[in-house]
């Protein structure tokens, strides 16, 4: 096909045939397709067919061949030469996704991402999204390509998105993310569109408070709620949507307030996690939901009443009973229940959802949860808890700690530290004099931080050397990191 580079029509047909060929037939096709695109750069038909062929070659696993042939430059040239063609823009972004969606081949993946970033792909795709803001095909392929590239260049992607002139890209994509309906069918273009936007926003919000604020201002909170409400039949939508809520929830108090004020958000988080039961994404989605709720429970007191939702409480209680999450997931679940137990209006809901029984079971089973579980249980009458307790020594010790409030600071120090260390702390600054059991105070000890919170219980204590007598590790969610999208043909979000 590339020997004499005949007419554009012949080149286009040749590329179309390659796009339909079996993967094993595409081993040496990258140079020919790239040459055809370079020779007929102004022919939109050749560019469209060429990008389709490059996408097929990438799907066949011939990434090194594509990079050696200069295919990235050919894709970028096609986008620049045909700004007004939604077909060329859409298929170019699709080809970029093909370059970046691979298991293994990490050196080649990094090379492809670097060539795209340095060649100006981010600017090209943002221009395409703005130019073709009403074309769902362009928006879906463009946001998907940005999501994949943001695995490697999240800061560059976000900064350029934020600097766009005219109507910003973020509001355009937020509208598309929310454009789901009750008639939604798994695998439909609308689902692909919502997933691409959710994935891009989840990446952007993972490491930037500015990104979180911009997304909230553009309407991302009601947008992700709608995506979760109408996308529950799609496990990928559930997983990445809940992750986006988590990434937003680790933001400022104002952002937390916007999330918890959104009517239906708590039900949506619980519903999405439950909707994935029986799927490969269930534990992942369950963990995301647990982290999101634990982050939201730190909202200001005036908004915390919005968290009083039986579905969310039941979900978190089940997390503890099923004991299916790793250590950090368990800690966030206990933290959520403990903070709600501080609210008198929440305790009947907690009882109805089985939270006290779940806390007893978790605190007795896991040493690192003993302290936080005992704090949460201290808000319930001992008589109510005795009926839930088994004859095991561990559970009796837990209830005894809750009843006697032996998790207070002075008792903790006497149990866990040497006499000299105890004197050193109690003689340090704010620790002098009367210690109010419900006031937040912090101490620095041997490089480890001891946080004192409501109820007199430390939530973070890094010198855990005393087994059951030691309080729980902090249940605050860690930084979620970036979303990695690596599965061609299967839209999954793997953290």
In whole Å, how far is the Cα centre of the stretch 191-237 from that of the stretch 241-274? 11 Å
How high is the relative contact order of the stretch 1-148? Use alpha-carbon pairs under 8 Å, at least six apart in sequence, and give a whole percent. 22 percent
Determine the shape class of the stretch 294-413: with a ≥ b ≥ c the square roots of the Cα gyration tensor eigenvalues, call it rounded for a/c under 1.5, and otherwise prolate if a/b is greater than b/c, oblate otherwise. rounded
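How do 213, 339, 110 rank when sorted from fewest to most other Cβ atoms within 10 Å of their own Cβ? Write down the numbers at each step before the final one.
Working: 213 17, 339 25, 110 11.
So the ranking, lowest neighbour count to highest, is 110, 213, 339.
If packing is taken as the average count of other Cβ atoms within 10 Å, what order do 200-207, 322-329, 169-176, 257-264 fall into, highest mean first?
Final packing ranking: 200-207, 169-176, 257-264, 322-329.
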Whole-number percent relative contact order across the stretch 213-285, with pairs defined as alpha carbons under 8 Å at least 6 apart: 38 percent
Let a ≥ b ≥ c be the square roots of the eigenvalues of the Cα gyration tensor of the stretch 1-132; is it rounded (a/c under 1.5), or, if not, prolate (a/b larger than b/c) or oblate? oblate
Take 293, 126 and order them by how many other Cβ atoms sit within 10 Å, fewest up front. 126, 293
Using Cβ contacts closer than 10 Å as the measure, can you line up 153, 335 from fewest to most? 153, 335
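Taken together, the values in this text are just the output of simple stated rules run on the coordinates, not laboratory data. On a predicted model such as this, the values are computed, not experimentally measured, just so you know. Note that each Cβ is placed from the backbone with ideal geometry, even for glycine, and that neighbours are counted across all protein chains shown.
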